[in-house]
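First comes the structure, then the notes that go with it.
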Amino acid sequence: MSRKPATLLEPGCGQAAAGLTFPRYRHLLAQPQGDIVMLQTGPAQRPTGFLLGRQGELLSLFVTASMRGQGVGRHLLQAYESELRQRSVERAHTVWTDGTAGASAFAALLGQAGWRPPHARMVIYGASFERLGQALWMNAFNQLSAEFWLGSWDELAPIQLVALRQAVRFEDWVPPELDPFKFTGVGIDGSAPEPGFNLACTFHGEVVGWNLAHRVDANTLRISCTLVHPDLQHHLVMLALWREVFRRNQDASYRRVSWGVAVERQPMVAFNDRHFSSYVDRRATSWGSSKDLQASP
Ligand SMILES: CC(C)(COP(=O)(O)OP(=O)(O)OC[C@H]1O[C@@H](n2cnc3c(N)ncnc32)[C@H](O)[C@@H]1OP(=O)(O)O)[C@@H](O)C(=O)NCCC(=O)NCCS
């Protein structure tokens, strides 16, 4: 099918496509940074297809419903890959979450365009606070023993943070992807930190667990990073951290909560499935794929 080429937008000029990307990325459309790649099809003020990338990271691809199945998505993806080659970017990569028709179509589109077979990254859970609060374990749970302290991350003393930094560097119980210091600021997807829900747990004064959170939107809180030292009764501590999240949400207004577990952490996935499956209304998998761009045109 012949069609007009996709238009490469100038940085900062993507506002007309705001409806064609995720809310969490909309702030990028007006940013003048040169590493943002925006490609659009259709009329300038009413685009029918839109691809957003940050250099080699493909953030979103969207085609309006009436234009789907006509090659527009493939065309935008090809234009993106060409643009990256021109910028000497060697590799493109992307992540997405399954469970929607769009996600299946997207995965098929990538496969057809020669991207690597998808690899599973995280299991993602979502629930309403109201429903999760009905969980039996939530109501049966008692206090941690006096050797533990559980409170706000911001209350940790500098010396405790220094010791924790050492543990992150030199001990093997903190996987790099759960390094708490990567989660106390803005989220990797640009979501705002939520210090009111950033929790820490100590045992005899040493930091042994945390729950670090971000605000996805006005309704939804995300627990972005949870870890408890495996030598402790980590399930009990984990549940104590959860209970504290609930307690604090009584003063806040979040209706929903989401969290993810890396697929490599199978015992943790099993723990979540055992304790939460009756209460979550979303269990999806996030996937990743990439393509080497220098190999083939
Ligand atoms: C994913 C999306 C961008 C595809 O765009 P599109 O213009 O409809 O796709 P194309 O017509 O270019 O199709 C190209 C290939 O994608 C795959 N594909 C597209 N739609 C598909 C569908 N409904 N089911 C299965 N595969 C599909 C096919 O491999 C197709 O090749 P083929 O036609 O030779 O079989 C579009 O469905 C969409 O915008 N969905 C909603 C947004 C979304 O979920 N985006 C993905 C996450 S960012």
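Side notes on the structure shown:
- Fully extending the segment from Arg282 to Ala105, taken as 0.36 nm per residue of separation minus the present Cα-Cα distance, adds 61.7 nm.
- Cα-based convex hull volume of the range 7-121 per residue, rounded to whole Å³: 105 Å³
- Taking the inverse of the mean 1/r over every pair of distinct Cα atoms in the chain gives a Kirkwood hydrodynamic radius of 21.3 Å.
- When His275, His75 are arranged by Cβ crowding within 10 Å, least crowded first, meaning fewest neighbours, the order is His275, His75.
- Straightening the chain between His119 and Ala252 buys 44.2 nm, computed as 0.36 nm per residue apart minus the Cα-Cα spacing.
- Mean separation of Cα contacts under 8 Å (6+ apart) over length of the range 7-121, as relative contact order %: 19 percent
- The value of relative contact order for the range 189-261, using C-alpha pairs under 8 Å at least six residues apart, is 29 percent.
- In terms of the mean number of neighbouring beta-carbon atoms within 10 Å, the peptides 211-218, 285-292 order highest first as 211-218, 285-292.
- Remark: the Gln112-Glu147 segment gains 7.0 nm on full extension, using 0.36 nm per residue and subtracting the alpha carbon distance.
- q = 0.11, 0.13 Å⁻¹: log10 I(q)/I(0) that the Debye formula gives for the range 125-286, counting C-alpha atoms only: -0.41, -0.59
- Centroid-to-centroid separation of the range 77-121 and the range 227-297 [C-alpha atoms, Å]: 25 Å
- Within the chain, helix-based [θ] at 222 nm, where runs of 4 or more DSSP H residues each add -39,500 (n - 2.57), nearest 500: -7500 deg cm²/dmol
- The residues Leu156, Leu199, Leu161, when put in order of fewest to most other Cβ atoms within 10 Å, stand as Leu161, Leu156, Leu199.
- Within the range 125-286, percent of DSSP bridges classed antiparallel, to nearest 5: 85 percent
- Shape category assigned to the range 125-203 from the gyration tensor of Cα positions, a/c cut at 1.5: oblate
- The protection proxy used here, the mean number of other Cβ atoms lying within 10 Å of each residue, ranks peptides 173-182, 117-126 as follows, highest first: 117-126, 173-182.
- Taken about its Cα centre, the chain carries a charge dipole of roughly 1180 debye when the Cβ of each Lys and Arg holds +1 and the Cβ of each Asp and Glu holds -1.
- Placing a pseudo-label 7 Å from each Cα along the Cα-to-Cβ vector at Thr184 and Gln160 gives an inter-label distance of 1.1 nm.
- Rounded to two decimals, the Cα-based Rg/Rh of the range 202-297, with Kirkwood Rh, is 1.07.
Every read-out reported here was derived from the displayed coordinates using simple, explicitly stated rules and does not represent laboratory data. Since the structure is predicted, the reported quantities are computational estimates derived from the model, not experimental observations. FYI the Cβ positions are ideal-geometry reconstructions off the backbone, even for glycines, and counts take in every protein chain you see.
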